[in-house]
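Enquirer: This is the structure I want to talk about, given as structure tokens.
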Amino acid sequence: MMAKIKAGLLSLRDLFATAWWIMLIAGIGFAVAYQFVKPAPPSRIVISAGDKGSAYHYFARRYATILARSGIKLEVLASPGSLENIKRLESGEADVAFVQGGVIEAADDSSAPESDLYSLGSVFYEPVWIFYRAPGPLTRLTDLRGKRIAVGPEGSGIRQLAQRLLAANEMENESRLLPFAGLDAAEELQQGRIDAAFVIATENAPVVQVLLRSPGVRLMSFAHASAYQRRFPFLTQLTLPRGVADLVRDYPPKDTKVLAPTGNLVVRGDLHPALQTLLLQTASEVHGGSGFFQGNGEFPAYLDPLLPLSSEAARYYKSGPPFLQRYLPFWLAVLIDRLVVLLVPLIALLIPLLRIAPALYSWRVRSKVFRCYGELRYLEDDIKHRYDPAQSADYRRRLDALDEEATRLQVPLGFTDLIYTLREHVNLVRRILDRQEEE
């Protein structure tokens with residue numbers, strides 16, 4: 001039993017002595033490959049949305065619920081609007097944000113350094129609803145000249161867009177712009193304390209549903225919708241079909257043209273690539289259905305080039321989610337992806353090394369026996385060709401010493417045949433010595 005243990009330990013020692021340089025090269029390769037492995041994604045990210053009750057905030061809460069299934073905590077920050085969201089991204093206060101189309105283009109300053117922000121694409125249309133109170137239908141913004149108009153608070157995307165549209169109609173100084181937004185604006189309009197309200201929200205937003213059904217409140221159909229789309233490329237001309245809001249009451253009573261920027265998902269450039277892909281998968285789940293203005297699967301899509309498209313988003317739109325994330329939990333897919341980046345170059349390095357390792361191991365073990373063979377061959381040659389009877393005792397002493405050395409040689413069990421062969425050859429030389437002594 002002890003002999004087997006000793007032989008096993010000897011094999012391990014020989015193996016380590018042979019393979020230490022392979023392990024050294026593999027260790028160096030591991031260290032080099034590790035430099036190219038991205039760190040694991042954080043388990044917490046921050047999104048800057050909109051005011052509580054807004055579409056941005058509603059969607060952000062849905063994102064948080066879906067991301068929680070993958071072990072990612074999404075912290076939702078309320079915000080006055082898109083301009084504040086951009087500031088939070090640039091300052092690092094938020095990792096991802098909803099940004100209304102056209103906002104960054106309007107705030108662009110060619111002398112300012114380029115920000116490290118990227119778009120994951122547009123995720124939904126944000127129709128510009130202009131509700132008003134008037135005896136008859138209005139189809140042009142100039143019809144609101146001198147009126148009291150709710151355009152949202154400072155820092156909001158709706159206010160910025162309303163000011164741009166009014167300025168295009170030379171009305172920026174000829175109307176009273178009020179900071180009401182959302183349901184507050186709806187109440188002011190219902191009570192007649194304002195004449196019109198700009199609302200940017202999805203068709204299912206409470207403020208839109210309330211105003212579509214409010215007595216005395218009308219929805220403007222843009223007569224110059226195509227002209228606005230040409231002058232402001234971030235706007236899309238949409239049609240609200242007749243009766244889509246209420247088939248029984250036939251509202252709207254005719255097809256209504258509205259304009260719409262898109263709501264865009266914007267991220268910091270340093271957001272982990274795996275999280276960018278996960279956000280796009282979440283956006284597909286939340287925004288991929290059909291609605292008043294969009295078909296099934298239309299979003300997310302890169303419709304508004306307000307910012308460069310993230311490279312991860314470009315791959316997603318071309319090929320869909322990464323293979324592993326389609327079938328494995330997020331954390332496991334990320335782990336395997338990181339290991340592949342680490343292990344592939346190591347395997348490519350180890351394959352040729354391991355192919356020569358057995359030969360080196362065998363050579364190291366055999367070399368112990370070969371040293372004895374070298375001395376035995378020299379002694380045999382001496383006996384055959386330079387035999388001296390006076391040295392006979394010395395010849396036998398040297399042969400006995402070689403036999404004893406062969407007996408003491410410690411080699412793995414798989415190589416013990418070499419020991420017995422060596423001892424047979426020692427005996428062979430003894431017989432040669434015997435014949436020389438007899439002659």
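Enquirer: For segment 157-181, name all the residues that are in contact with a helix residue (DSSP H, G or I) (Cβ under 7 Å, 6 or more places away or on another chain), within 23 Å of Ala97 (Cα to Cα) and open to solvent by less than 30 Å² (accessible area, probe 1.4 Å).
Expert: Of everything in segment 157-181, just one residue is in contact with a helix residue (DSSP H, G or I) (Cβ under 7 Å, 6 or more places away or on another chain), within 23 Å of Ala97 (Cα to Cα) and open to solvent by less than 30 Å² (accessible area, probe 1.4 Å), namely Gly157.
Enquirer: Continuing with this model, one more query. What are the pairs with Cβ atoms under 6 angstrom where one residue, in segment 177-196, is of a type outside the set (A, V, I, L, M) and the other, located anywhere, is in a helix (DSSP H, G or I)? Sequence gap at least six, or different chains.
Expert: Final answer for the pair search is Phe180/Glu188; Gly182/Val207.
Enquirer: Is it true that Ser221 is surrounded by 18 or more Cβ atoms within 10 Å (Cβ to Cβ), hydroxyl-bearing (Ser, Thr, Tyr), farther than 28 Å from His57 by Cβ and at pLDDT below 85?
Expert: Taking the combined requirement at face value, the residue does not satisfy it.
Enquirer: Has segment 275-284 got at least one residue that is open to solvent by 30 Å² or more (accessible area, probe 1.4 Å) and either β-branched (Val, Ile, Thr) or part of a loop (DSSP other than H, G, I, E, B) (or both)?
Expert: no
Enquirer: What are the residues in segment 224-264 that are over 40 Å from the mean Cα position of the chain (by Cα) and either closer than 24 Å to Ser54 by Cβ or surrounded by 15 or more Cβ atoms within 10 Å (Cβ to Cβ) (or both), if any?
Expert: Within segment 224-264, His224, Gly243, Asp246, Tyr251, Pro252, Thr256 qualify.
Enquirer: Given Glu84, Glu105, which one is at pLDDT below 65, surrounded by 13 or more Cβ atoms within 10 Å (Cβ to Cβ) and farther than 30 Å from Leu409 by Cβ?
Expert: From the options Glu84, Glu105, the qualifying one is Glu105.
Enquirer: In the set Ser11, Ser48, which member is under 30 Å from Pro352 (Cβ atoms) and either buried (at least 17 other Cβ atoms within 10 Å of the Cβ) or modelled with pLDDT of 85 or more (or both)?
Expert: Result of the check over Ser11, Ser48: Ser11.
Enquirer: Is there a residue being part of a helix (DSSP H, G or I), surrounded by fewer than 24 Cβ atoms within 10 Å (Cβ to Cβ), of a type outside the set (A, V, I, L, M) and over 46 Å from the mean Cα position of the chain (by Cα) anywhere in segment 127-139?
Expert: Checked against the condition, which is being part of a helix (DSSP H, G or I), surrounded by fewer than 24 Cβ atoms within 10 Å (Cβ to Cβ), of a type outside the set (A, V, I, L, M) and over 46 Å from the mean Cα position of the chain (by Cα), segment 127-139 yields no hits at all.
Enquirer: Among the residues of segment 186-206, write down those that are buried (at least 17 other Cβ atoms within 10 Å of the Cβ), farther than 22 Å from Asn85 by Cα and either aliphatic (A, V, I, L, M) or within 41 Å of the chain's Cα centre (by Cα) (or both).
Expert: Ala186, Leu189, Ile194, Ala196, Ala197, Glu203
Enquirer: Still on this structure, I have one more. Return a yes/no flag: does segment 282-299 have any residue that is touching a Leu at 6+ places or on another chain (Cβ under 6 Å), more than 30 Å from Tyr327 (Cβ to Cβ) and in contact (Cβ under 8 Å) with a residue 40 or more places away in the chain.
Expert: Looking for residues that are touching a Leu at 6+ places or on another chain (Cβ under 6 Å), more than 30 Å from Tyr327 (Cβ to Cβ) and in contact (Cβ under 8 Å) with a residue 40 or more places away in the chain, one finds at least one in segment 282-299, hence yes.
Enquirer: Still on this structure, I have one more. Can you work out which of the residues in segment 63-81 that are polar (S, T, N, Q) and surrounded by fewer than 22 Cβ atoms within 10 Å (Cβ to Cβ) is nearest to Val46 (Cα to Cα)?
Expert: Going through the qualifying residues, I end up with Thr65.
Enquirer: Which residues, counting only those in segment 113-125, are touching a residue at least 40 places away in the same chain (Cβ under 8 Å) and open to solvent by 10 Å² or more (accessible area, probe 1.4 Å)?
Expert: Listed by number, the residues that qualify are Asp116, Tyr118, Tyr125.
Enquirer: All but one of (1) part of a loop (DSSP other than H, G, I, E, B); (2) basic (Lys, Arg); (3) under 24 Å from the mean Cα position of the chain (by Cα) hold for Lys52; state the number of the condition that does not hold.
Expert: Condition not satisfied by Lys52: (3).
Enquirer: For segment 389-439, name all the residues that are among the polar types (S, T, N, Q) and within 16 Å of Glu375 (Cα to Cα).
Expert: Thr407, Thr421, Asn427 - these are the residues of segment 389-439 that are among the polar types (S, T, N, Q) and within 16 Å of Glu375 (Cα to Cα).
Enquirer: Which of the helices (runs of 4 or more DSSP H) contained wholly in segment 302-418 include at least 3 residues that are open to solvent by less than 60 Å² (accessible area, probe 1.4 Å), at pLDDT 80 or above and in contact with a Phe, Trp or Tyr (Cβ under 8 Å, 6 or more places away or on another chain)?
Expert: 330-385
The values are calculated or read from the model by the stated rules, or taken from the named source; none is laboratory data. For clarity, every value in this text was computed on a predicted model and none was experimentally measured. Because the Cβ atoms are built from the backbone with ideal geometry, glycine has one as well, and the counts that use them run over all protein chains shown. Protein only, heavy atoms only, side chains kept; ligands, DNA and RNA dropped before computing areas. Shrake-Rupley method; radii C 1.70, N 1.55, O 1.52, S 1.80 Å.
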